[in-house]
């Protein structure tokens, strides 16, 4: 698989991370509001973005996971990221994850980016099932997943401890046949 995969939407370009993304990445993941429902705290180490970019690029090339930078076409700047992580190739499933800079919330960018990511997962990678793990209090994220056809499948109580706070986790799933049915309706 080509490491230089680029996905495009009317307003966005999804591409592999690269050097030069460090400031944008730190602005996103260094924001405590963006990281509020993540399984880790907001980034504070100035070396972290470069480490993440290098790790993501290597993992992308090795097909270990596929984390794309979400770039706003209008500005050419990274406003978030989305990816397919922890692939289990024999069962053709993986997890979906994403983050978006706070200034870009409520504008439909995650929906637009995830639609392109889901098509990549189901068509290019031939996945059968996608999963997402979300803090139940993150209603923006649960709403985004549900609008894309993900089904709530369960609650894992007290799954994460982030910054000393114990948090539950909702599990969501989307099957290829459900995605195909939704894609036909959207046409």
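A short reminder: the numbers here are calculations on the coordinates, not readings from a lab. Treat the numbers as computed from the prediction; the structure is a model and nothing was measured. Counting neighbours? That spans all protein chains shown, and the Cβs are built from the backbone with ideal geometry, glycine included.
Can you work out which of the residues in the range 19-40 that are more than 17 Å from the chain's Cα centre (by Cα) and part of a loop (DSSP other than H, G, I, E, B) is farthest from residue 67 (Cα to Cα)? The residue in question is 32.
Please go through the range 85-113 and pick out each residue that is in a loop (DSSP other than H, G, I, E, B) and more than 22 Å from residue 177 (Cβ to Cβ). Of everything in the range 85-113, those that are in a loop (DSSP other than H, G, I, E, B) and more than 22 Å from residue 177 (Cβ to Cβ) turn out to be 101, 105, 106, 107, 108.
Taking the range 165-185, which residues are surrounded by 16 or more Cβ atoms within 10 Å (Cβ to Cβ), in a strand (DSSP E or B) and out of contact with any helix residue (DSSP H, G or I) (no Cβ under 9 Å at 6 or more places or on another chain)? Correct list: 167, 169, 171, 173, 175.
When residues in the range 90-114 are screened for being crowded, with 18+ Cβ neighbours inside 10 Å, closer than 20 Å to residue 65 by Cα and touching a helix residue (DSSP H, G or I) at 6+ places or on another chain (Cβ under 9 Å), 7 of them pass.
If you go through the range 154-164 and keep only what is surrounded by fewer than 12 Cβ atoms within 10 Å (Cβ to Cβ) and in a strand (DSSP E or B), you end up with 154, 155, 157, 158, 161. Taken over the range 134-143, the criterion of being in contact (Cβ under 8 Å) with a residue 40 or more places away in the chain and either crowded, with 17+ Cβ neighbours inside 10 Å or more than 20 Å from residue 110 (Cβ to Cβ) (or both) is satisfied by 134, 135, 141. All conditions but one from (1) in contact with a helix residue (DSSP H, G or I) (Cβ under 7 Å, 6 or more places away or on another chain); (2) in contact (Cβ under 8 Å) with a residue 40 or more places away in the chain apply to residue 26; the one that does not is (2). Taking the criterion of being surrounded by 13 or more Cβ atoms within 10 Å (Cβ to Cβ) and part of a helix (DSSP H, G or I), would at least one residue in the range 65-84 satisfy it? Checked against the condition, which is being surrounded by 13 or more Cβ atoms within 10 Å (Cβ to Cβ) and part of a helix (DSSP H, G or I), the range 65-84 yields no hits at all.
For residue 44, the conditions (1) out of contact with any helix residue (DSSP H, G or I) (no Cβ under 6 Å at 6 or more places or on another chain); (2) surrounded by fewer than 22 Cβ atoms within 10 Å (Cβ to Cβ); (3) more than 22 Å from residue 160 (Cβ to Cβ) are fulfilled apart from (3).
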